[in-house]
Structure formats: structure tokens, C-alpha cells
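Student: Have a look at this one.
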There are 2 protein chains.
Amino acid sequence: MGRNRATLADVARRAGLSKTAASMVLNGREGTRLSAEAHQRVFAAAEELGYRPNLAARSLRTRKTATIAFVSDIVATTRFAGDLIRGALDAARERDHVLLITETQGDATFEQYAIEAVLDRQVDGVIYAAMATRRLTVPAAILGGPVVLLNATSPDGLPSVVPDDEGAGRSVATALLELGHRDTIALIGRNRLKEDDPEVSLAARARLHGIRQTLDEAKVGLLAECFCTEWLPEHGYAAMRSLLSKPKRPSAIICMNDRLAFGAYQALGEAGLTVPEDISVISFDDDPIAAWLRPSLATTALPHEQMGRRAVELLLDGGAAEPSLVPMPLRRRRSLAPPAG
Amino acid sequence: MGRNRATLADVARRAGLSKTAASMVLNGREGTRLSAEAHQRVFAAAEELGYRPNLAARSLRTRKTATIAFVSDIVATTRFAGDLIRGALDAARERDHVLLITETQGDATFEQYAIEAVLDRQVDGVIYAAMATRRLTVPAAILGGPVVLLNATSPDGLPSVVPDDEGAGRSVATALLELGHRDTIALIGRNRLKEDDPEVSLAARARLHGIRQTLDEAKVGLLAECFCTEWLPEHGYAAMRSLLSKPKRPSAIICMNDRLAFGAYQALGEAGLTVPEDISVISFDDDPIAAWLRPSLATTALPHEQMGRRAVELLLDGGAAEPSLVPMPLRRRRSLAPPAG
DNA sequence: ATGCTCTGCTAAATCAGTTTAGCGACCACT
DNA sequence: AGTGGTCGCTAAACTGATTTAGCAGAGCAT
């Protein structure tokens with residue numbers, strides 16, 4: 001890779017100047033007293049030789065690599081990882097940086113390896129990302145340099161970027177209230193583990209809190225709350241069926257995520273009920289299936305791309321110490337209607 | 001990042017030896033005549049100081065960075081990117097390498113930037129990945145070093161890794177034939193553009209060819225073929241509706257991907273038909289929705305993780321020049337049954 | 001003529017490793 | 001005594017950049 005690249009010495013020689021001069025000119029150093037003509041010659045030489053600096057050599061001296069480590073627990077299992085990475089990639093490119101990606105798979109050995117691998121490469125900073133919003137403790141090894149937590153917070157008070165799940169909860173509840181739904185709203189996806197253990201999830205508690213707060217203010221209570229051991233379609237399906245077996249049918253359903261909502265749709269379809277005429281459905285995440293469902297599913301979007309971008313900005317440009325909350329926009333789609341009758 | 005790291009000179013000093021000796025011992029060089037005792041002292045010193053070599057310095061001399069560039073057109077828009085990356089990440093870690101990720105977004109300027117950024121960092125090789133299997137021409141700039149195409153082929157005959165879509169086509173057709181389906185099989189997802197332009201897709205043509213070949217051998221013809229401008233749920237929905245409006249109802253449907261199949265399910269549900277009792281459905285990709293659908297959707301899986309892994313192996317360990325075909329395993333699920341009646 | 005400042009530039013050190021060339025001590029052999 | 005070989009190790013060059021310290025010459029004042 002990159003054999004026969006011209007070096008700074010080549011450029012200097014061709015320009016008839018010293019390496020020092022060439023270096024200063026190419027780096028646009030202020031306050032040097034090199035003549036305009038010297039500038040010209042260096043630029044011309046660099047151009048003609050197609051000179052590109054060897055960043056390994058540069059970073060040896062400057063201790064800057066223009067490289068950021070993106071360390072995450074799991075990149076593959078959720079389709080959101082891509083967006084997180086893409087946002088970070090974009091922001092990094094704008095700042096002439098590049099991303100070194102590693103994955104820990106939640107395994108301590110792998111994590112150790114990942115951290116060492118990036119530190120050995122002298123990265124300028126680390127983005128430590130979690131795929132589910134949660135609290136975690138970062139390995140001591142990376143605390144030697146700049147760190148930003150992405151989709152996570154830590155007890156150490158490190159800068160962090162998380163989605164505004166509580167705000168999303170409020171948006172969801174408000175949307176239903178505005179349509180006129182009152183005491184016939186049911187909730188699918190309560191989960192003690194997710195709600196009570198911040199190391200498992202921060203989203204569940206925050207979403208629930210946002211919903212409750214808004215409904216309380218409107219003096220509205222939930223018709224029913226279904227607990228689900230996981231937030232997967234099959235659990236949404238089961239929850240919806242149990243809701244439909246009860247005497248009082250809800251006019252609207254809030255699902256804690258889109259996969260639950262997908263399951264709920266399946267149960268509704270089997271029961272011969274129509275969304276949104278019979279029942280409105282609203283949810284969280286904006287998984288691609290939300291737009292593919294018939295009717296399309298209203299949901300609040302996890303702003304992963306924004307978050308990835310924000311993390312890089314925080315890392316390179318500096319910023320607030322308190323967690324940076326990224327808003328979750330409400331996607332109004334066809335699954336919402338006023339209550340029937 | 002990484003201030004106060006012990007250097008090789010520190011280790012050497014502590015061991016009472018020269019840098020040369022320390023370097024040779026730590027690199028496990030054969031044929032050096034350093035005493036066993038010297039080895040001990042160096043290892044002990046390195047251990048005590050927590051020595052880790054500075055890879056920037058090393059690579060300046062050796063021109064090896066133990067870093068691979070992963071350049072792709074689009075990482076985010078498809079949820080498969082994560083798997084491709086994860087497979088590559090795993091294989092890279094096993095070989096003590098790390099991945100530098102950049103994205104071109106299909107834009108020539110960004111591509112130029114991405115290529116320069118990675119070449120400047122002296123990567124040991126480049127994995128050039130496409131998110132849809134297709135033919136492409138790689139930028140001349142990266143031809144200076146090892147390159148492997150991932151999910152793509154090129155006219156230059158570069159080593160490449162692609163899924164065996166034709167084999168998948170055969171598996172799909174065979175599965176239906178084995179169940180007893182004959183001349184009542186319909187196909188959803190024909191698409192001239194994808195089939196005829198290898199720069200758009202290689203999958204469409206290969207899948208179709210695999211299906212046709214297998215059916216021809218069994219002297220079976222397709223009942224109907226629906227063209228779709230895109231492979232999205234709404235197009236699958238429309239295609240399925242049009243199929244159902246015809247006099248002769250198919251006993252099985254092959255969809256060119258899972259998203260089309262998802263749309264087909266929706267149309268079947270609305271028409272009051274049951275999968276697989278009334279109609280079997282089988283498809284390609286193994287998108288997560290395939291497992292979430294009710295009944296779960298039989299499909300052939302795009303082996304993205306395997307492919308990512310294979311690309312790294314090819315790049316670092318060398319290998320075959322002809323395209324490396326990765327098999328697409330058939331996931332037998334609930335959407336298959338013998339034809340009714 | 002001397003000293004001073006300013007201009008325009010460069011030699012050499014430095015970063016942290018790897019690698020080449022070779023040194024001194026010891027032994028064996030003729 | 002001289003020669004050659006092996007053993008165990010090191011000095012110094014080298015990678016390609018940045019950065020520090022400083023030099024030669026011109027212009028000007030004293």
C-alpha cells in the first residue's frame with residue numbers, strides 16, 4: 001500500500017529548499033518569514049509530486065492521529081448501529097478525522113483487547129457506545145484521554161449523548177390526548193428489569209415516566225398495562241391478545257417499541273380489528289418496519305444518526321458536561337385516529 | 001490519550017540492555033543469540049512497566065500498520081451493513097488487526113476523500129464493500145496495495161466475496177418442488193433494471209437463474225411472474241393483490257426478497273388467506289422481519305457475517321482469484337406446506 | 001568600523017520504534 | 001603466535017515528519 005510515495009524531503013529538494021521550509025509552508029504556519037516565491041515553489045513541487053504526508057510519521061512527532069476510536073458493545077445485532085456509525089462518520093469527515101471501529105461483544109477479554117488495540121494506535125479520543133441506552137462504567141484504561149459516551153451515561157460524569165426518551169414519552173401521550181383518547185389508553189411493554197436496572201436500560205423508565213407525567217397532568221389514567229419479558233413481536237402479540245380478551249376494549253395502544261407494535265398489529269389483524277378505526281397504535285424507535293406496516297405506524301424516532309454526529313462533535317469540539325439529550329421526533333403516520341364513537 | 005507510556009528505551013534501560021536487544025526479544029526474533037537470562041530481564045521489565053509498543057513508530061519503519069480499511073458505499077441504509085462489518089471485525093481481531101471505516105455515500109468526492117484518508121494512514125489493505133451485490137470499478141488509487149471486493153465483483157478480476165444467489169435460487173425452487181408444488185408457483189419481484197445491469201445488482205439475475213434452472217430440470221413452469229419497480233413491501237403487496245385477482249390462484253409464492261414477502265403477507269391477510277395452508281411463501285435475504293412474521297417466513301439467508309469474515313481472510317491470508325461464493329443457507333420456517341387439495 | 005535588528009532560511013534534534021553492521025571476548029585449531 | 005569462528009550483545013542508521021535553535025547577509029544607526 002502506498003509504495004513510492006513522495007516524501008517531504010522530495011518536495012523540499014524539488015523546490016530547492018529545506019525540509020523545514022517545506023514543512024512550514026505546507027502547514028500554513030503563521031509568522032514564518034519565508035518569501036512568497038518560496039511558498040510558490042513548495043506548493044508547485046508538492047502538486048507535481050502528488051505529495052501526501054505520511055500520517056504515521058507526523059503523528060509520531062505531534063501525538064495526533066486525526067483518528068477516533070469507536071468502541072461499542074455490539075454492532076451487529078441491532079439495525080440501529082449503522083446509523084450511529086454513519087452519523088459519527090459524517091461528523092468525523094467534516095473535521096478531517098477517521099474512525100477506527102472495534103467491538104467488545106460485552107466480553108471483558110475482547111474489551112481489553114479492543115481498548116489496547118486503539119490506544120496502541122494513539123487515537124485522539126474514544127467514543128464508547130452502547131447499543132441499548134443504559135448506564136455503564138467505562139474501563140479505566142481509556143480515561144487517559146478524551147472520552148464521550150454514546151447512547152449511555154456513566155457514574156463518572158463523562159460527557160455523554162443519549163436520546164430524550166422522556167420527551168418521547170410525553171410526545172406519544174400528548175398525541176393521543178390531542179386526538180381525544182382519554183381513559184381507554186393501554187400500554188404494552190412494561191418490564192421491571194428494564195425499568196429498574198439502569199445498567200440494562202435507561203429508555204424504559206424514561207419513556208414510562210414521560211407518558212405517566214403527561215397523562216397525570218391531564219388527569220387521565222391508563223386503562224391497562226401489559227408486562228412483557230422482552231420487547232419482541234411475539235410478546236406484543238401475546239399482550240395484545242390478552243388485552244382484547246378483556247371486557248373493555250382500549251381505543252389506543254402505546255407500545256414501548258415498534259417490534260411490540262408489530263406483534264400487536266398481528267393480533268389485531270387476526271381479531272378482525274382495523275387500525276386506526278378500531279384502535280390507534282403509537283410506539284417508539286422508528287424501526288424501518290414502522291413505515292412498512294399497513295397502516296404505517298406512528299412512532300417516535302431514535303435519532304441515531306444525530307447522536308453519532310453529536311458524539312464526535314462533543315469529542316472534538318468540546319461541550320457540555322451534563323448528558324446531551326437528543327430529541328426524538330414524532331413520526332405522525334396512519335395508525336392514529338380519534339377514538340371511535 | 002496515552003500520555004506517559006513506557007517506551008522501548010525505558011524497557012531496555014530497566015533490563016540493563018540495549019534497545020536493540022529489547023526489540024529483538026519482544027518481537028521473538030529467531031536466530032538472535034541473546035541469552036535466556038536477557039530474555040527474562042526484558043520480559044520482566046516490559047511487564048513491570050506495562051510496556052506497549054507505539055504502533056505509529058513501528059509502522060514508520062516497517063510500513064505495516066495492522067490496520068485494514070473498510071471502504072463502503074453506504075453503511076447505514078441497509079441493516080445488513082452491521083453484519084458485514086461484524087464479520088470483518090471478528091476475523092480482523094483474530095489476526096490482530098483493526099478496521100478503519102469510511103463511507104463514500106456513492107459520491108465521487110467523498111470517495112476520493114475516503115481513499116486518501118486511508119492511504120495516508122498507511123493501511124495494509126483495503127476491503128471495498130458494496131451494500132447491494134453488484135459489479136463496480138474500483139478507484140485506481142487503491143490498486144497500489146492489496147484489495148478485496150466485498151459483496152461486489154469488478155472487471156479487473158480482483159479477489160472478491162459474493163453470496164451464492166444462484167444457489168439460493170436453486171434451494172428455494174427445490175424446497176417448493178419437494179413439497180409437491182408444480183405448475184402453480186408464482187414469482188414476485190422480477191425487475192429488468194436489476195436483472196440486466198450488473199452495476200445495479202448481481203443478485204436478481206442470479207436468483208432468477210437458479211430458480212429457472214431448477215424448475216426447468218423438473219419440467220415445471222412458473223404460473224406467473226410479477227414485475228416490481230422496487231423490492232419494498234408496498235410493491236410486494238401490490239403484486240400479491242394482482243396475483244389474487246387472477247382466475248388461477250397460486251399454491252406457492254417465491255418473493256425476490258423478504259420485504260416483498262412482507263408486503264405479500266399483508267395482501268394475503270387482507271384477502272383472508274392463510275399462510276401456508278392456502279399459499280406457501282418463500283423468499284431471500286433473511287431479514288429479521290422474516291422470523292417476526294406470523295407464520296415465520298422461510299427464506300435463504302444472506303451470509304453477511306461470513307462474507308465480512310471471508311473478505312478479511314482473503315486480504316490477509318491470500319486466496320483464490322475467482323470470486324469466492326459464500327453459500328446462502330435455507331431457513332426452513334412455518335410459511336411452507338404442500339399444496340392444498 | 002562597529003553594533004544592532006531584521007529577513008529569509010537551514011541544520012539538527014526529536015518522536016519511538018526496527019534493522020544493519022560490527023565489536024570484543026573467548027575458544028579451538030594449526 | 002596467528003587465524004578463524006562463535007557467542008552475546010550494542011552503536012548507529014533509518015523511517016518521515018515537526019520543531020527548536022540559530023546562521024548568514026542586508027540595512028541602518030552610531
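The values are calculated or read from the model by the stated rules, or taken from the named source; none is laboratory data. Predicted model only: the values in this text are computed from it and were never measured. Here the Cβ positions follow ideal geometry from the backbone for every residue, glycine too, while neighbour counts run over all protein chains shown. Accessible surface areas use protein heavy atoms only, side chains included; no ligands, DNA or RNA. Shrake-Rupley method; radii C 1.70, N 1.55, O 1.52, S 1.80 Å.
Student: If you check B:R135 against the conditions, is it open to solvent by 20 Å² or more (accessible area, probe 1.4 Å), within 30 Å of B:L17 (Cα to Cα) and not assigned by TED's automatic domain parsing to the domain that holds B:A206? If you could, list the steps in order and put the result at the bottom.
Tutor: Values: open to solvent by 20 Å² or more (accessible area, probe 1.4 Å): yes; within 30 Å of B:L17 (Cα to Cα): no; not assigned by TED's automatic domain parsing to the domain that holds B:A206: yes.
Taking the combined requirement at face value, the residue does not satisfy it.
Student: Report yes if some residue within region A:201-211 is modelled with pLDDT under 95, open to solvent by 50 Å² or more (accessible area, probe 1.4 Å) and of a type outside the set (S, T, N, Q); otherwise report no.
Tutor: Checked against the condition, which is being modelled with pLDDT under 95, open to solvent by 50 Å² or more (accessible area, probe 1.4 Å) and of a type outside the set (S, T, N, Q), region A:201-211 yields no hits at all.
Student: Next question. Based on what the data block shows, is A:A267 open to solvent by 10 Å² or more (accessible area, probe 1.4 Å) and either charged (D, E, K, R) or on the phi < 0 side of the Ramachandran plot (or both)? Break it down into steps so the answer makes sense when it comes.
Tutor: Numbers: open to solvent by 10 Å² or more (accessible area, probe 1.4 Å): no; either charged (D, E, K, R) or on the phi < 0 side of the Ramachandran plot (or both): yes.
Taking the combined requirement at face value, the residue does not satisfy it.
Student: Let me ask something else about it. What are the pairs, 6+ residues apart or on separate chains, where a residue within region B:241-253 that is farther than 21 Å from B:A337 by Cα has its Cβ under 7 Å from a residue that is in a loop (DSSP other than H, G, I, E, B)?
Tutor: Close Cβ pairs (under 7 Å, with a partner that is in a loop (DSSP other than H, G, I, E, B)) do not exist here.
Student: Being open to solvent by less than 50 Å² (accessible area, probe 1.4 Å) and facing chain A (nearest Cβ under 7 Å) is the requirement here; does B:R86 meet it? Don't jump to the end; show me each part of the working.
Tutor: Values: open to solvent by less than 50 Å² (accessible area, probe 1.4 Å): yes; facing chain A (nearest Cβ under 7 Å): yes.
In short, yes.
Student: A further question on this structure: Got a number for residues in region B:188-200 being out of contact with any helix residue (DSSP H, G or I) (no Cβ under 7 Å at 6 or more places or on another chain), open to solvent by 40 Å² or more (accessible area, probe 1.4 Å) and of a type outside the set (D, E)?
Tutor: The initial filter retains those residues of region B:188-200 that are out of contact with any helix residue (DSSP H, G or I) (no Cβ under 7 Å at 6 or more places or on another chain), namely B:190, B:192-193, B:196-199.
Okay, now just the ones that are also open to solvent by 40 Å² or more (accessible area, probe 1.4 Å), so B:192-193, B:196-197, B:199.
Those left that are additionally of a type outside the set (D, E): B:192-193.
Within region B:188-200, residues that are out of contact with any helix residue (DSSP H, G or I) (no Cβ under 7 Å at 6 or more places or on another chain), open to solvent by 40 Å² or more (accessible area, probe 1.4 Å) and of a type outside the set (D, E) number 2.
Student: Pairs please, first residue from region A:26-44 and closer than 19 Å to A:R58 by Cα, second anywhere and within 11 Å of DNA strand D (Cβ to nearest atom), Cβ atoms under 6 Å, 6+ apart in sequence or on different chains.
Tutor: Going by the 6 Å Cβ cut-off, the qualifying pairs are A:V42/A:A22; A:V42/A:V25.
Student: While we're here: Across region A:33-52, what is the number of residues that are near DNA strand C (Cβ under 10 Å from one of its atoms) and either surrounded by 14 or more Cβ atoms within 10 Å (Cβ to Cβ) or not in a helix (DSSP H, G or I) (or both)? I'd like the intermediate steps shown before the answer.
Tutor: If we filter region A:33-52 for residues that are near DNA strand C (Cβ under 10 Å from one of its atoms), which is where we start, we get A:33-39, A:41-42.
Subsequent filtering for residues that are either surrounded by 14 or more Cβ atoms within 10 Å (Cβ to Cβ) or not in a helix (DSSP H, G or I) (or both) retains A:33-35, A:38-39, A:41-42.
Summing the residues that are near DNA strand C (Cβ under 10 Å from one of its atoms) and either surrounded by 14 or more Cβ atoms within 10 Å (Cβ to Cβ) or not in a helix (DSSP H, G or I) (or both) in region A:33-52 gives 7.
Student: Just checking, which of B:L26, B:L60, B:L55 is surrounded by 14 or more Cβ atoms within 10 Å (Cβ to Cβ), within 14 Å of another protein chain (Cβ to nearest Cβ), within 37 Å of the chain's Cα centre (by Cα) and within 6 Å of DNA strand D (Cβ to nearest atom)? Steps first, answer last, please.
Tutor: Numbers: B:L26 fails: within 6 Å of DNA strand D (Cβ to nearest atom); B:L55 fails: within 6 Å of DNA strand D (Cβ to nearest atom).
After ruling out the rest, the residue left standing is B:L60.
Student: Now for a different question. Could you run through region A:114-142 and say how many residues are over 20 Å from A:I85 (Cβ atoms), part of a helix (DSSP H, G or I) and at the interface with chain B (Cβ under 10 Å from one of its Cβ atoms)? Steps first, answer last, please.
Tutor: At the first step, the residues of region A:114-142 found to be over 20 Å from A:I85 (Cβ atoms) are A:116, A:119-120, A:122, A:135, A:137, A:139-141.
Checking the rest, the ones that are also part of a helix (DSSP H, G or I) come to A:116, A:119-120, A:140-141.
Now narrow it down to the ones that are at the interface with chain B (Cβ under 10 Å from one of its Cβ atoms): A:116, A:119-120, A:141.
Here the count works out to 4.
Student: Further question: In the set A:A66, A:A9, which member is of a type in the set (G, A, S), open to solvent by 20 Å² or more (accessible area, probe 1.4 Å), within 23 Å of the chain's Cα centre (by Cα) and within 12 Å of DNA strand D (Cβ to nearest atom)? Before the answer, list the steps.
Tutor: Working: A:A9 fails: within 23 Å of the chain's Cα centre (by Cα).
Answer to the check: A:A66.
Student: While we're on this one: Any idea which residue in region B:278-317 is surrounded by the fewest Cβ atoms within 10 Å (Cβ to Cβ), counting only those that are of a type in the set (K, R) and under 14 Å from the mean Cα position of the chain (by Cα)?
Tutor: Keep residues of region B:278-317 that are of a type in the set (K, R), which gives B:294, B:309-310.
If we keep only those that are under 14 Å from the mean Cα position of the chain (by Cα) as well, we get B:309-310.
Working: B:R309: 22, B:R310: 24.
Across region B:278-317, the extreme among qualifying residues is B:R309.
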